[in-house]
Amino acid sequence: MSRLSLGVIGLGEVAQVVHLPVLRSLPELYDVTAVCDISPGLLDRVGGGYGVPHRHADVTEMLDRNELDCVLVLNSDEYHAEAVVAALDRGVHVLVEKPMCLSPREAEQIIAARDRSGATVMVGYMRRFAPAFVEATRRIGELGPINYARVHDIIGRNQLIIDQTVLVDRPTDVPRSAVEARWARGRALVADALGEVPDVLAGAYRLLCGLGSHDLSAMRELLGRPRGVAAARQWRDGRFLAALLEYDDFLVTYETGVDEQLRFDAHIEVYGEHACMRVQYDTPYVRHFPTTLVLEETRGDGLHRSVSRPHLKDPYTHELEYFHEVVTKGADPKTGPEDFVEDLELFAELIRVMATQPGTRT
């Protein structure tokens, strides 16, 4: 089995809690030879803690000074596209955390760079690699005609769970100017995607690009792309969203938000004529919490309910195994750039409908 030389771009929370521990568990697939972060402290403490020999403060420097097969892009969303294109232009394969980017223009740049280089780009939609979700995609035909579906994701801030389970190194050596530059870049990219919109709609868009991309991407794989958005609303300054999505002969409700409760409630529930199924997710920040598939169907006089937990291996591990297979076999990933563009288009349509909400300034 071919072992890939890998660089990690971004050593923040998701790298420390998930990706680096998973990569350590897959030594036969990956050799983490280089890391990159804007924080000197993280490079020293996290990179050093994992014994990574080459540590860089600049993406271009890391790519030019190391012979890498692939990179894992985990830095701030505002800089995803820049890092992805830089890697592709050097023929390096890329697994980029969702969102792949924040604007359609960036997506076009990534697709053009991929086509120039012939290298792979895969978007890190780990929920779509959970064994229970994969099983759901195989069994959804058993439900008969679909009458209704619900996509639900109401969670507490991730840090509430993370702080109880793992120590995260949160650096204090990132210059204030760099933080402000990131904020400004984010605002500019949202404007590039949507035009000038009120702050509440910009916030709603960022929520969709972040948490919402998991939900709506999985919905598309399971049910297909919706025909349109019948209604959409935001409240609490864009922190809570609800929408009604139209399919040819059924509707889907989507609801999401983030609060201060210490819990994680994310699921997709599909109601068919003969049975219904529910894919129930748990927090990805505690490894091996299982995703489950619940099936209910009427047989004779009884309602039969089964709960499937296909595997305790976490979705991130399945995702990284899949990425290795895609790269080494030259296959196209199911979560490629064009797949993500469908999410961007849906996000923009949701915001356009929200803009018609009474009381929303335009």
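Points to keep in mind about this one:
- What the Cα atoms of the range 55-205 give is an Rg and a Dmax of 18.9, 56 Å.
- Residues listed by number, the range 92-106, amide nitrogen under 13 Å from Glu67 label point at 7 Å toward C-beta: none
- For the range 307-359, the pair-distance distribution built from all alpha carbon pairs, in bins 5 Å wide starting at 0, is 4, 14, 14, 14, 13, 13, 11, 9, 6, 2, 0 percent.
- Stretch gain in nm, segment Val286-Lys329, where the contour uses 0.36 nm per residue and the Cα spacing is subtracted: 12.4 nm
- Here the contact order of the range 190-263, divided by its residue count and restricted to Cα pairs under 8 Å and six or more residues apart, works out to 24 percent.
- Student exercise, the chain dipole from Lys, Arg, Asp, Glu Cβ charges, in Debye to nearest 20: 400
- Percent accessible area from carbon and sulfur atoms, the range 319-362, protein chains only, probe 1.4 Å: 48
- Among Leu68, Leu88, Ile38 the positive-end extreme of the charge dipole of the range 1-102 (Cβ point charges): Leu68
- Taking 0.692 mPa s as the viscosity and 37 °C as the temperature, the Stokes-Einstein diffusion coefficient of the chain based on its alpha-carbon Kirkwood radius rounds to 154 µm²/s.
- Expressed as a whole percent, the accessible surface of the range 170-294 that belongs to carbon and sulfur atoms is 50, based on a 1.4 Å probe.
- Estimated distance in nm for a label pair at His274 and Glu342, the labels positioned 7 Å out from Cα along Cα-to-Cβ: 2.5
- Accessible surface, the chain, averaged per residue in Å² (probe 1.4 Å): 44
- Across the chain, C-alpha contacts under 8 Å between residues 6 or more apart give a mean separation that, scaled by the residue count, equals a relative contact order of 20 percent.
- Across the alpha-carbon atoms of the range 58-126, the computed radius of gyration and Dmax are 10.8, 31 angstrom.
- Overall dimensions of the range 263-311 by Cα: Rg and Dmax, Å: 12.8, 42
- Counting only DSSP beta bridges with both residues in the chain, the antiparallel share comes to about 60 percent.
The values are calculated or read from the model by the stated rules, or taken from the named source; none is laboratory data. Not measured: the values here are computed from a predicted model. Reconstructed Cβ throughout: ideal geometry from the backbone, glycine too, with neighbour counts over all protein chains shown. SASA here: full protein model, heavy atoms, side chains in, ligands and nucleic acids out. Shrake-Rupley method; radii C 1.70, N 1.55, O 1.52, S 1.80 Å.
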